[in-house]
Amino acid sequence: MYWTAPTQKELDNWGLTLADVMPAAVDLWPDNALIQRVFRTMQTQWMLGGTGKPTGLNYASLSFVMRRCGVPRKEFDDVFDGLQVMEAAALDEMYKG
């Protein structure tokens, strides 16, 4: 989701092709498509702590984003639960290493 392809010069410097460095494709279950859409739309809403590192998503904009993404009101709770799972996984990845 947040991968940026290297330039051709960068690939040439290492003797690689784009196929050598492409991330693996991820299968998305249809049940999670709306949750993933909301998560992607929220990608500019990360809150930063005092150290400048992300601490979580800014939920103040979430209701607007869900409406904008076409989430039916009756599905808000399920989408929110799924969003929190993705948020926690993203934070785990960001803090690795």
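Using only Cα atoms and rounding to the nearest 10 degrees, what angle (0 to 90) does helix 76-94 make with the longest principal axis of the chain? The angle comes out at about 30 degrees.
Below 8 Å, C-alpha to C-alpha, sequence gap of six or more: please give me the relative contact order for the chain in percent. Rounded, it is 25 percent for the chain. The chymotrypsin sites (Phe, Trp or Tyr not before Pro) found in region 1-94 that occupy coil by DSSP, while having at most 16 further C-beta atoms within 10 Å, are Y2, W3. In the chain, helices alone account for a calculated mean residue ellipticity at 222 nm of -13500 deg cm²/dmol, with every DSSP H run of four or more residues adding -39,500 (n - 2.57). If the viscosity is 1.002 mPa s and the temperature 20 °C, what translational diffusion coefficient in µm²/s does Stokes-Einstein give for the chain when Rh comes from Kirkwood over Cα pairs? Translational D for this selection: 137 µm²/s. Near L57, the amide H atoms lying under 5 Å from its own belong to M47; only residues 5 or more places off or on other chains count, and H is placed 1.01 Å from N. Computed about the Cα centre, the dipole magnitude for the chain is approximately 460 debye when only Lys and Arg (+1) and Asp and Glu (-1) carry charge, each at its Cβ. Take the Cα pairs of region 1-58, get the Kirkwood Rh, then feed it into Stokes-Einstein at 25 °C and 0.890 mPa s and tell me D in µm²/s. Once the numbers are plugged in, D ends up at 169 µm²/s.
Shown for R73, R68: other C-beta atoms within 10 Å of each C-beta, ranked fewest to most, produce the order R73, R68. Could you tell me which of rounded, prolate or oblate describes region 38-92, using a ≥ b ≥ c as the square roots of the eigenvalues of the alpha-carbon gyration tensor, with rounded for a/c under 1.5 and, failing that, prolate when a/b is larger than b/c and oblate otherwise? It is prolate, given that a/c is not under 1.5 and a/b is the larger ratio.
Coordinate-derived values only; no laboratory data. Keep in mind the model is a prediction, meaning the values are calculated, not measured. Every residue, glycine as well, gets a Cβ built from its backbone with ideal geometry; the counts of neighbours run over all protein chains shown.
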